[in-house]
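The values are calculated or read from the model by the stated rules, or taken from the named source; none is laboratory data. All values reported here derive from a predicted model rather than from experimental measurement. So basically every Cβ, Gly included, is an ideal-geometry build from the backbone, and we count neighbours across all protein chains shown.
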Amino acid sequence: MHSPRSASITQLARDRLVNAPLRGLLEAGVREGVFPAAQASVFHEGREVGRAAVGATEETPFDLASLTKILCTATAFVGLWAEGKVGPSTPVSRWIDGSPLAKNGATLGDLLAHRSGLPAWQPFFAVVLHTVPELRRADCLPATRLSVRSEVRDAAARSPLDAPPGTRTLYSDIGFLLAGEMLAEAAGAPLDAVHARMSGKLGVATHFHRLSTRGHDDRDPCGGRWDGLPLTGSLRPRPPAPGQENRWESLASEPSPPGEVDDDNAWVMDGVSGHAGLFGTATEVARFGQRILEELGGAGRLAPAALWERAVTPTPGGSRGLGFDTPSGESSAAGRLLGRRPPGGFGHLGYTGTSLWVDRPRGLSIALLTNRTALGRDNMRVQEFRPAFHDAVLQALGLR
């Protein structure tokens, strides 16, 4: 039988075995032009066993991009579901009656499972930047930003459908933009306040950066000092992503400071949206994955295990649950090993080069945060880096 001292020495040795490969992998990513800065964190069997950062500190918040969809929106949904305020079958007509979604019988579950029939994306920002140019100014009135939030929400609600709800899966930022607004109304509080309450119950510290309170919000873990955050781009609006060329009228580009959300649609919504806007560290993102594992095991901090099970389980014929994605196919960003054994795994990707993947049978949660878009929105090297990264982490842990 091992003594407590020998057990701690064994654990320390394992921590070193994980930290060194983590740092080496991130340093290789910088050398190969995958990203200029990155963080990684690994939780295994309930504790953080590895952490590393390059081009940033381990405490630097990164723009989490679409990880917002699970850390904020899907989590808020599960929490409000447990409180009896919403459910997968709640009709969207409760909030946007008369919209194409409502007329076709779409539900909140359809939005969260990306089966609403909404298109993937629309450049809502382009319209309001033409009509409300003062959004670019640091002293833009909070009332103006609030009005623009409502305008963007209404424009999203009017979006025509590409398919009837429930008939096919099409990943949609618009769906999560709307879901975030609906959940905020159901909770009777702004979305960032809803997120703070739900993440507080889970013991996870991620946060939005409202443009209207920049430098004046004592609740911001960055203390209003955003200059040290990794750049995800230098211009606003951002250059078109591959496939978005010629989707909006030409707009003058202006310098974009660090600390503001990369996503232009989230930016014109004051930095707070259900599809993007969260900031946080790799440790907190990986901790979130660990907390969901605990919730699935019956911890009940936020909701019963059965509700979480529904959220992370793919809908029939697909790979997505209620917000959460699952490792699938040979080209999965999670690699060849993670989440391949029953009962599988779950997670999500973010456009700025972020990801969270959780392996349920191994009790493993891996967060990788990067700012790959700082090297150009057509820099897609992270697509090859991610699966190799996850395979290497499992190998370093002896979990092949």
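The table for this structure:
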item: So SER365, is it touching a strand residue (DSSP E or B) at 6+ places or on another chain (Cβ under 6 Å), hydroxyl-bearing (Ser, Thr, Tyr) and under 17 Å from VAL49 (Cβ atoms); result: yes
item: Any hit, the range 377-384, residues being touching a strand residue (DSSP E or B) at 6+ places or on another chain (Cβ under 7 Å) and either assigned to a helix (DSSP H, G or I) or surrounded by fewer than 19 Cβ atoms within 10 Å (Cβ to Cβ) (or both); result: yes
item: Enumeration of residues in the range 344-358 that are part of a loop (DSSP other than H, G, I, E, B) and within 19 Å of ALA113 (Cα to Cα); result: GLY344, TYR351
item: Matching residues, the range 89-98, being crowded, with 18+ Cβ neighbours inside 10 Å and farther than 18 Å from HIS275 by Cβ; result: THR90
item: Boolean, LEU399 is surrounded by fewer than 24 Cβ atoms within 10 Å (Cβ to Cβ) and part of a strand (DSSP E or B); result: no
item: Any hit, the range 60-77, residues being of a type in the set (Lys, Arg) and at pLDDT below 95; result: no
item: From SER199, SER147, residue being of a type in the set (Ser, Thr, Tyr), assigned by TED's automatic domain parsing to the domain that holds ALA76 and either at pLDDT below 95 or surrounded by fewer than 22 Cβ atoms within 10 Å (Cβ to Cβ) (or both); result: SER147
item: Failed item in (1) modelled with pLDDT of 95 or more; (2) of a type outside the set (Ser, Thr, Tyr); (3) surrounded by fewer than 20 Cβ atoms within 10 Å (Cβ to Cβ), with PHE43 passing the rest; result: (3)
item: Any hit, the range 269-283, residues being touching a Ser or Thr at 6+ places or on another chain (Cβ under 8 Å), surrounded by 24 or more Cβ atoms within 10 Å (Cβ to Cβ) and β-branched (Val, Ile, Thr); result: yes
item: From the options LEU101, LEU129, LEU118, LEU135, residue that is in contact with a Lys or Arg (Cβ under 9 Å, 6 or more places away or on another chain) and either crowded, with 21+ Cβ neighbours inside 10 Å or hydroxyl-bearing (Ser, Thr, Tyr) (or both); result: LEU129
item: Residue count, the range 298-334 (criterion: surrounded by fewer than 15 Cβ atoms within 10 Å (Cβ to Cβ), small (Gly, Ala, Ser) and touching a helix residue (DSSP H, G or I) at 6+ places or on another chain (Cβ under 7 Å)); result: 2
item: Residue ID - farthest from GLY203 (Cα to Cα), chosen from residues in the range 280-337 that are assigned to a loop (DSSP other than H, G, I, E, B) and of a type in the set (Lys, Arg); result: ARG336
item: From the options GLY335, GLY344, residue that is in the same structural domain as PRO387 (by TED's automatic domain parsing) and free of Cβ contacts under 8 Å to residues at least 24 places away in the same chain; result: GLY344
